[in-house]
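Contents: one structure, followed by commentary.
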Amino acid sequence: MASTIVRDNSKSGSNIADAKSSSPARAIAISIKHLSKTYPVPLARLKQFFRRKMKQPVEALRDVSFDVREGEIFGLIGRNGAGKTTLTKIVATLVQPTSGTVTVKGYDSVREDERVRAQVGLATAEERSFYWRLTAEQNLLFFARLYGLDEAQARQRISELLERFEIEELRARRFAELSTGNRQRLAMARAMLTRPQVLLLDEPTRSLDPLAAARARSLIGSLARQDPPVSVLLTSHNLTEIEELCERVAVISRGQIRALDTPERLRTLHTPTERIHIFAKEISVANAKNLFLQKFDEMEITEKTGTLSLSFTRKIQDNRLNEVIRVLRDAGAEIVSFDVERATLLDVMESYEREDEVKAV
Amino acid sequence: MITSLIKFLRRVRAFVIRDFQLTISYKLEFFIRIMSILFMVTTFFFVSQIFVGSVNTPFAQWRNPLAAWITGMAVLNYFMTGFSSLANAIRSEQAQGTLESVLLTPISVPTVIVASSAWDFVQATLYSFLYLFFGWLFFDVHYEGSIFLALLFLVLTTMVLACVGILSASFTMVFKRGDPFGIILGTGSALFSGVLFPTQLLTLYGGNIVGSIPRLLPTTYGLDGIRRVLIEGQSFSQVTQPLVTLLFFLLALLPFSLWVFGRAVRRAKREGSLIQF
């Protein structure tokens, strides 16, 4: 059964290994406190006066609170319409919250919106955010000028970025002539024009080929490690990507943060067991059944093309795996490979979604 | 203060360069526009030839109807830009889908609107100049008086109309389409401001109520001032009345339009409709 789990690991003192986290005392880059957003019905009073039918106001976010630390890659996952884009737009100052506060590097997103925008770079998969009749370079130069870069600085930075994203040969091509993947790379380049300390990435690898996507992921990963480190708020439907990159992940459903933790711990909390498959040779089915079935009553033992397969479910990090391996070795078996099936972030996300659907009914 | 001004001018420059690059990517349109101005001036020349030798009008500015029409069209073109370009700038960015990425840069919404309409004024200056230039070059139209005084009228009237443009942009931001300021002033100015005929004729044919409409429009005072200077050769002391009236318009409209605009931006951000169109 899923429930709301919001945990800040820097304070939890947990013994679960978190390979991706570094210093626990990092400063806060983005602070979101009790953020709610309800989109009002446009011209409600006018519609009321003329007695026209009105839709209900849309509650996009409800009491959302979390922090993104300096140099952290923070993932935000949820279904379409869960509130990810609204949240990103509020951080980017494009939408005003109904209540609650967002501060970026200490600046308030409503009162000090220009200062916030100076700290933030946003890359979305939206292709219409560029001027289609201008070249890639002309587009970047325009935005660099708006960010206040002088001409020489802008040109140098653009060259660096075009090279970094491997699109330098496309600099004189019109945006309209670029492929979807290259447009997305250009959007990433634009987001990084001013070396922002906070990056908001909305599905940054959606249209990239697998190789380019892997490079983009490697680049995003390196941003958090550079000096000064970049904090990244990453929304993506690619859960493998989220798992690979993010130190912490928030699951958002119907405008509420339903869980926030490391990917590892989210999975563990969702399903505290895992399924192990061990493949071994030099041991017969009969011998294996004799060795295991008394002690491990749920173990499945099969054989295929001379390889024995043993499958069992265990609580994460109990000692059953060690025991099975020891028994196999003592019996003279050769372990060929093994596989672990764990709950994925998709399972976690689905469980909260199911729970919300039940509540809604 | 100076640093802010330099920053602002740099941003305006960025928008002007962008729009110039976009304009020259449509080369044919640019030349067709120039040709259309030449055709228009030529048409007015031939229409004016109908009245050659028979013009005996009490309206001093209309004794040379070609000069009156050309200045009328040149100035109207500029005035129309004044109040339509700000709203158009918003609409165009919204429709292209680029407004969001522009608004993500650390510049204020008013700067975005003013700067993104700057190219329209550059173009309008060129096209208005071409009306006067073609009249002088091909049809022997001569202009009197101080060009600087005429420019003062032009700038002042454009500023007044830009205030209406800000109201128009505010309307566009909230309601997206159907801007009443642009429609009323756009069509009204051509009819009631004396672009193609003397405003006195409205009183003559329409009575005192219709005849008083031109007095409510800033374009009437702007156009009258420019014609008094360029056609009648009047000096500063002779044109203080339309000049002062325009200043009153500006003093009343500027704070009001900025207040409305601030409210419109806040409302659009609250509704999350800043980039919708």
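Read-outs: derived from the displayed coordinates by stated rules, not from any lab. Bear in mind the structure is a predicted one, so any value in this text is a computation, not a measurement. Virtual Cβ from ideal backbone geometry, glycine too; neighbours counted across all protein chains shown.
Given the options B:D120, B:D224, B:D19, state which has the largest fluctuation in a GNM of chain B using a 10 Å cut-off (strictly under) for Cα springs.
Of the options given, B:D19 has the highest mean-square fluctuation.
Just tell me, in residue order, which DSSP H segments of chain B are both 27 angstrom or longer along the helix axis (alpha-carbon based) and at least 0.0 in mean Kyte-Doolittle hydropathy.
Numbers: long enough: B:2-24 (32 Å, 0.73); B:27-50 (36 Å, 1.51); B:65-96 (42 Å, 0.45); B:118-139 (31 Å, 1.20); B:147-175 (40 Å, 2.46); B:240-271 (46 Å, 0.75).
Membrane-span-like by this rule: B:2-24, B:27-50, B:65-96, B:118-139, B:147-175, B:240-271.
Excluding residues fewer than 8 places away in the same chain, name every one of the aspartates and glutamates whose C-alpha is closer than 12 Å to that of A:K84.
A:D202, A:E203
Return the average number of partner chain Cβ atoms within 10 angstrom of each residue Cβ along peptide A:138-151.
Average neighbour count from other chains, rounded to a whole number: 5.
Inside 10 Å of the C-beta atoms of B:4-15, what's the mean count of C-beta atoms belonging to other chains?
The per-residue average across the peptide is 2.
Taking the Cα centre of each part, how many Å lie between the range B:201-268 and the range B:5-74?
Spelled out, the Cα-based centre of one part sits 21 Å from the other.
What pairs from A:K33/B:K7; A:K37/A:K359; A:K89/A:K359; A:K289/A:K315 go past 24 Å between their alpha carbons?
Exceeds cut-off: A:K33/B:K7; A:K89/A:K359.
Using only atoms on other chains, find how many Cβ atoms lie within 10 Å of each Cβ of peptide B:103-114 and report the average.
Mean shielding count: 5.
With a 10 Å cut-off between alpha carbons and a GNM built on chain B, which of B:V16, B:V52, B:V239 moves the most?
Highest fluctuation among the options: B:V52.
Name the residue, out of A:K84, A:K315, A:K37, whose mean-square fluctuation peaks in a Gaussian network model built on chain A with Cα pairs under 10 Å.
Sorting by GNM fluctuation, first place goes to A:K315.
Any chance you could check the Cα centroid distance between the range B:114-183 and the range A:141-193 for me, in angstrom?
35
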